[in-house]
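Read-outs throughout are calculated quantities, based only on the coordinates presented, and are distinct from any laboratory measurement. Model, not experiment: these values are computed from the prediction. Here the Cβ positions follow ideal geometry from the backbone for every residue, glycine too, while neighbour counts run over all protein chains shown.
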Amino acid sequence: MHHFANKEIHFANKEILNWAAFLQLKAKESKDIRLQNFYNNGTYHDETKLKDIEFVALDFETTGLNPQQNSIISIGLVPFSLNRVFCNQAKKWYVTPQDKLEEDSIVIHGITHSDLKGAPDLIRILEHLLDELAGKVVVVHYRRIERDFLDQNLRALINEGIVFPIIDTMQIEADIQQKQTSGFVNWLFRKKTQSIRLGSSRLRYHLPTYPPHDALTDAIATAELFQAQVSYHFSENTAIKDMWL
Amino acid sequence: MEVELLEIKDFISQYAPFDQLPEEVLLEVVQSVQISYYRADTRIVDFKDNIHELYLIRSGVVEIYRRNGDLYNRLDQGKLFGQMGLLTNNKVRFPSKAVKDTLLYCIPDTVFYDLCERFDSFAEFVESEDSTRLKQAVEGKSDDANDLTTSKVKKLITREALVLPSNTSIQSVAQIMAEEYQSAALINDPTIDDEDGGNLVGLITEHDLCAKVVAAGLSVDNPVSEVMSTELISLDHNAYIFEAMLLMLRNNVHHLPILKNKKPIGLVEVTDIIRYESQNSLLFVSGIFQQQSTEDLALLSSQLKDCFLRMVNEDANSHMVGRAMSEIGRSFKQRLLELAEEKLGPPPLPYCFLALGSMARNEQLIVTDQDNALILDNDYDPEIHGEYFEKLAHFVCDGLAACGYTYCTGEIMATNPEYRKTQAQWEACFADWIDHPNPQALLNCNIFFDLSGVYGRVKWAEQLNAFVLRRAKKNNRFLSCMARNALNRKPPLGFFKNFVMENDGRHNNSINLKRRGTAPLADLIRVHALAIGSQSQNSFDRLEDIIEAGILPKSKGADLQHAMELISLVRLRHQALDVESDLEPDNNIEPENMSDFERRNLKDAFLVLSNAQNFLKYRYSATSL
């Protein structure tokens, strides 16, 4: 019973922030030349329509869940638009973690010490990474990981954090679930919220199942999920200000 | 830096034509992929849109439409579309729509053209419309097929047969045979008009010259007609070498005239074909004639499955298996009739035992019921002769049932008094069906118009066939009714992983390949065959006549041949699989048991059938009545 599936969804609980102006400010404040370049690329105007935006889906594999203690070991990204995911521009890096690679996390993402042998430090690829993200709108599934880890890892490396607008497909899914399961009728029929993890969310849009925990596969999966979410719940003319966080 | 797009590569490498590409090329393709999501019920491309990508369905379902809005094709995971547009000025020819949430891999045209240029297998796959792909499938198969079991007898003919007039002296005949290095000659009677039955009257062999002339002390000045054999056993040029062997074995002859349109084109000798011996079926047939009772025959028939299996595994084509199985079925009938006559005494009147339907068409497979009938002499009197032929019919039909040929559920058997008629009664009956085509008559026509004599006065069967042809050929109303009747069974639209998609969108778990495939094909081929007055019985032979007559649009005849061959092949392969796994073989096939190859090609074959049915409708104005 997807009564709301066809309606365009507007989220009420959105912090209003002028990202374009904010990034200009950050460019002036920043001490690091790489970050200054990144911020100077700016971002889209608030009212820009989704169909006119270049996105980049980003996914990290990390040694743990705590940005203060754990670090990034793999980065996958793929640029995309509402109509196309550009696999020929996809990127994937392994990076040497700044902490000890925990045996536990090996089990999750399957990245082993030998994969990381010879992998560069994050600092060595930072410039490449920021070039890929600059000027585009970053899309992730669960922003706490990508946003917080990059920020924390950079603080440790260059003594300066990073901030940029992000679209979080998990948040979108959570908001949709919230909308679809709130209210008296739904309460009456005991409509429960469903899982909003990447794999489960994709199933609701009939997207194929991929093996999880590979940074690039997850980035592609996130890009596809966002295309599906927009075609189901929003429109190509939705303004970016309604989507980014 | 190139990244490994493992997911995409694993997917693409599973599907044709990409599965034929070398690893490094596959990686180039994978690198070029762009992904796009289409929600259910959204259009993907419209007619005359510019198209610059080839689409591969990663998940979901896409429908392709004709320009008039009719559904043309329904595609699912792993299928391609857009190639026709890319090959024709980059304009979309068939609009397409996602009918379920669909994820597409889009491959840029530059990559597409490059692959077409570099890889023939790729170009052939994408350039071929459905029908040519079918052709590749069928022919690709027969390339590795065993030449011994699939060669036609006409291949053995190296020079024209020696034909001499019947008034030639024995000595002259012997001299000409010696000059021409021939061990036999055909004898004709120039005074007979050879318009439509040929004028062959006999055959003379070295053995005849030895036994009937020299040993008997006959004058060599006598005409050859005095010593020639007049029991002419001949074979059509389209028959298989295998059949020639069976015929020689059965009749104990060493020379076979090969006929085309009833005119001799060559003479085949035992020595010509000895190397083509296909032991198992031959032994089986000779085994049938050695059995002394119905019980023994029933015991022998239990080995029929192994015989069938060996033939399928030897890569015999369906035409060949159909003929061999029909020949074996005929042999069972013939032996049972011999046994019946031994038991009941000689028949009081001449008769002809008929095989109907698939056996008459030489298209019998392992699962089959018995359709048969009797033609009786015009002097037949039920009061006097009725009991004999009733007993004879029961003996044969019960015997056939014991040998695994189940009773016909429609009661079309010689045991049914309705189907024991005299020559004159049969002609009147057929005339009535043709002149007054009501639904039941049409149904009867489908079965009775494929008839062949098995035993007794087999010439009567040919005469009856000729009668039907003369009568039906010019009767447009009858042809139109037959055509409409041939449209009753429509093929399904396609197959998905585990269900059959019907034209109205319904799903089925399995499909009966006979009822939905070979039978409607045979029906529609029969209509064309009647229209041109073809004397052939076998659907493939009929098709050759039809193609020669030029009534089909160009290349459509060949498409039908390939479709028939493919559906039959899949049918018999699945029956062979059933036999191998000790299951009762049937005509049903479940899509989940099909290979990707079978699914793709069956779908193409059904499309050919569907188009051919549309043509039939138009050709014989089957809707206007």
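Long-range amide H contacts for B:LEU164: which residues qualify at under 5 Å (H placed 1.01 Å from N, peptide plane, sequence gap of 5 or more or a different chain)?
Excluding prolines and chain starts, which carry no amide H, the hits are B:LEU186, B:ILE187, B:ASN188.
Using the Karplus curve 6.51 cos²θ - 1.76 cosθ + 1.60 with θ = phi - 60°, what ³J(HN,Hα) values do you get for each residue of segment B:240-245, in whole Hz, with x for Gly and Pro?
8, 3, 3, 5, 4, 4
Could you list, bin by bin from short to long, the percent of Cα-Cα pairs of chain B in 20 Å steps?
With a bin width of 20 Å, the distribution comes to 17, 45, 28, 9, 1.
Return an integer: the convex hull volume of the alpha-carbon atoms of the protein assembly as shown, in Å³ per residue.
Enclosed volume per residue, from the Cα hull, is 229 Å³.
When the Kirkwood hydrodynamic radius is evaluated over all pairs of different C-alpha atoms of segment A:24-242, what value in angstrom, to one decimal, is obtained?
By the Kirkwood definition, the hydrodynamic radius is 18.4 Å.
Hey, what do the phi angles of segment B:247-264 turn into as Karplus ³J(HN,Hα) couplings, whole Hz, using 6.51/-1.76/1.60 and θ = phi - 60°, x for Gly and Pro?
Each residue's phi maps through the Karplus curve to give 5, 5, 5, 5, 9, 6, 10, 10, 10, 10, x, 10, 10, 10, 6, 6, 10, x Hz.
Between B:SER13 and residues 5 or more places away or on another chain, which pairs have amide H atoms under 5 Å apart, with H built 1.01 Å from N, and which residues are they?
Those lying under 5 Å, H to H, from B:SER13: there are none.
Hey, if you put +1 on the Cβ of every Lys and Arg and -1 on every Asp and Glu Cβ in the protein assembly as shown, which of B:GLN83, A:HIS233, B:ILE35 ends up farthest toward the positive end of that dipole?
Farthest along the dipole direction, towards plus: A:HIS233.
Rank these for me by crowding, A:THR181, B:THR368, going from fewest to most other beta carbons within 10 Å.
Ascending number of Cβ neighbours within 10 Å: A:THR181, B:THR368.
Whole-Hz ³J(HN,Hα) for each residue in segment B:397-406, computed from phi via Karplus 6.51 cos²θ - 1.76 cosθ + 1.60 with θ = phi - 60°, x for glycine and proline: what do you get?
These are the phi-based 3J(HN,Hα) values: 5, 5, x, 4, 4, 5, 8, x, 8, 5 Hz.
Give me P(r) over segment B:278-473, computed from all C-alpha to C-alpha distances, binned every 5 Å, as integer percentages.
Bins of 5 Å from zero give 1, 8, 16, 20, 19, 16, 11, 6, 3, 1, 0 percent of pairs.
Lysine pairs in segment B:481-619 with alpha-carbon atoms under 25 Å apart, 8 or more places apart or on different chains: how many are there?
Taking segment B:481-619 as the scope, the lysine pair count is 15.
Taking the Cβ of each residue in B:GLU427, B:GLU383, B:GLU418 as the centre, tally the other Cβ atoms inside 10 Å and list the residues starting with the fewest.
With the sparsest Cβ surroundings first, the list reads B:GLU383, B:GLU418, B:GLU427.
Report, ordered by chain and residue number, the lysines lying within cross-link reach of B:LYS260, taken as a straight Cα distance under 23 Å and ignoring same-chain residues fewer than 8 apart.
Counting by Cα, and skipping residues close in sequence, B:LYS260 has these lysines nearby: B:LYS152, B:LYS154, B:LYS155, B:LYS459, B:LYS473.
Going by Cα centres, segment B:27-84 and segment B:591-614 are how many Å apart?
Cα centroid of segment B:27-84 versus Cα centroid of segment B:591-614: 20 Å apart.
So what's the back-of-envelope 222 nm ellipticity for chain B, counting only DSSP H runs of four-plus at -39500 (n - 2.57) apiece and dividing by all residues, rounded to 500?
Only helices count here, giving -14000 deg cm²/dmol.
For B:ILE51, what residues show an amide H to amide H distance below 5 Å, using hydrogens built from the backbone and excluding near sequence neighbours?
Under 5 Å from the amide H of B:ILE51 lie the amide H atoms of B:LYS91, B:VAL92, each far enough along the sequence or on another chain.
How much FRET efficiency would the formula 1/(1 + (r/R0)^6) give for B:GLU231 and B:GLU341, where r is the Cβ-Cβ distance and R0 is 25 Å, rounded to 0.05?
0.85
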